[in-house]
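First up is the structure itself, then whatever we jot down about it.
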Amino acid sequence: MRRRFCDSLRKEVDLLWERIFTHPFLIDLGEGQLPLDVFRFYVKQDYVYLLEFSRCLGIAAAKAEDRETMRTFASLLDASFTVEVEMLERLGQKIGIAADELRTSEPAPTNVAYTRHLLSVAYAGTVGEIMAAMLPCMWSYQEIGERLLDQSGLTRNPIYSEWCATYRTQEYMDLVSWYRRLVDDLASESGSLVRKKMRTHFVLSSRYEYLFWDMAYRKEAWPL
């Protein structure tokens with residue numbers, strides 16, 4: 001049986017994703033020892049990121065060539081807001097981030113670079129390229145949720161446990177499966193040149209995923 005396109009992408013970034021899973025941010029979070037100020041910084045940055053992520057879904061919907069694909073992207077956009085954005089708003093309130101502060105957060109340098117990468121692909125690329133560039137975020141978070149499931153330290157911190165629980169829900173797992181099926185279908189309909197671009201975007205987004213965690217752990221700021 002021929003390997004699915006997403007399976008081959010996942011294999012290609014296996015060592016990189018292992019670096020993500022063993023990053024000190026996630027190790028400390030799983031042990032319940034991540035400083036709360038670091039988590040606050042992460043929440044604000046992720047909120048900024050998700051708004052741009054959602055914007056990319058809107059662009060993909062505009063590029064869709066049929067009504068059913070447009071409906072799919074509309075559902076994905078709604079899910080992005082209801083599953084993750086609203087979760088961050090709830091968590092923000094619990095850890096002392098006012099709604100106005102969350103919504104006016106300034107993106108750190110790595111966040112700017114990552115979201116500009118996604119937007120560049122969204123504006124210039126095909127629908128398949130857009131989805132391949134966005135997939136590492138959704139997919140890696142599912143695997144992070146699965147890996148943190150049995151971390152005893154996580155259960156001692158209700159805030160971190162609530163955050164992690166989002167990525168272990170059936171709703172979220174169904175959402176990731178939906179993304180993967182869509183990328184597989186789009187790859188099968190594309191020529192070799194577009195599939196090569198999809199692979200390049202997927203790998204680069206995976207690199208940015210690692211850098212995003214590192215950015216949050218260091219509370220990265222602009223030099224001036």
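Summary of computed values
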| read-out | value |
| --- | --- |
| Sole exception among (1) farther than 23 Å from W17 by Cα; (2) in a helix (DSSP H, G or I); (3) not acidic (D, E) for V121, by number | (1) |
| Enumeration of residues in region 85-118 that are in a loop (DSSP other than H, G, I, E, B) and β-branched (V, I, T) | I95, I97, T104 |
| Members of region 1-13 that are surrounded by fewer than 19 Cβ atoms within 10 Å (Cβ to Cβ) and over 23 Å from T115 (Cα atoms) | M1, R2, R3, R4, D7, S8, K11 |
| Lone qualifier among R199, R147 - being among the basic types (K, R), at pLDDT 95 or above and in a helix (DSSP H, G or I) | R199 |
| Within region 49-75, considering residues that are under 13 Å from the mean Cα position of the chain (by Cα) and in contact (Cβ under 8 Å) with a residue 40 or more places away in the chain, the one nearest to E106 (Cα to Cα) | Y49 |
| For G92: the one exception among (1) under 17 Å from the mean Cα position of the chain (by Cα); (2) closer than 22 Å to Y160 by Cα; (3) buried (at least 16 other Cβ atoms within 10 Å of the Cβ) | (1) |
| Subset of region 91-105 [of a type outside the set (S, T, N, Q) and in contact (Cβ under 8 Å) with a residue 40 or more places away in the chain] | L91, G92, K94, I95, G96, I97, E101, L102, R103 |
| D174 at pLDDT 95 or above and either surrounded by 15 or more Cβ atoms within 10 Å (Cβ to Cβ) or not β-branched (V, I, T) (or both) | no |
| Options R195, R181, R156, R147; residue that is surrounded by 14 or more Cβ atoms within 10 Å (Cβ to Cβ) and farther than 24 Å from N111 by Cβ | R195 |
| Among the candidates L26, L16, residue that is surrounded by fewer than 17 Cβ atoms within 10 Å (Cβ to Cβ), part of a helix (DSSP H, G or I) and modelled with pLDDT of 95 or more | L16 |
| Residue list for region 6-21, restricted to those being among the basic types (K, R) and either more than 17 Å from the chain's Cα centre (by Cα) or at positive phi (or both) | K11 |
| Subset of region 132-189 [closer than 15 Å to R10 by Cβ, acidic (D, E) and without any contact (Cβ under 8 Å) to a residue 24 or more places away in the chain] | E146 |
| Residue, nearest to the chain's Cα centre (by Cα), within region 150-176, restricted to residues that are among the small types (G, A, S) and within 14 Å of L88 (Cα to Cα) | A165 |
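The values are calculated or read from the model by the stated rules, or taken from the named source; none is laboratory data. Worth saying up front: this structure is predicted, and the values here are computed from it rather than measured. Methodologically, a virtual Cβ is constructed for each residue, glycine included, from the backbone with ideal geometry; neighbour enumeration extends over all protein chains shown.
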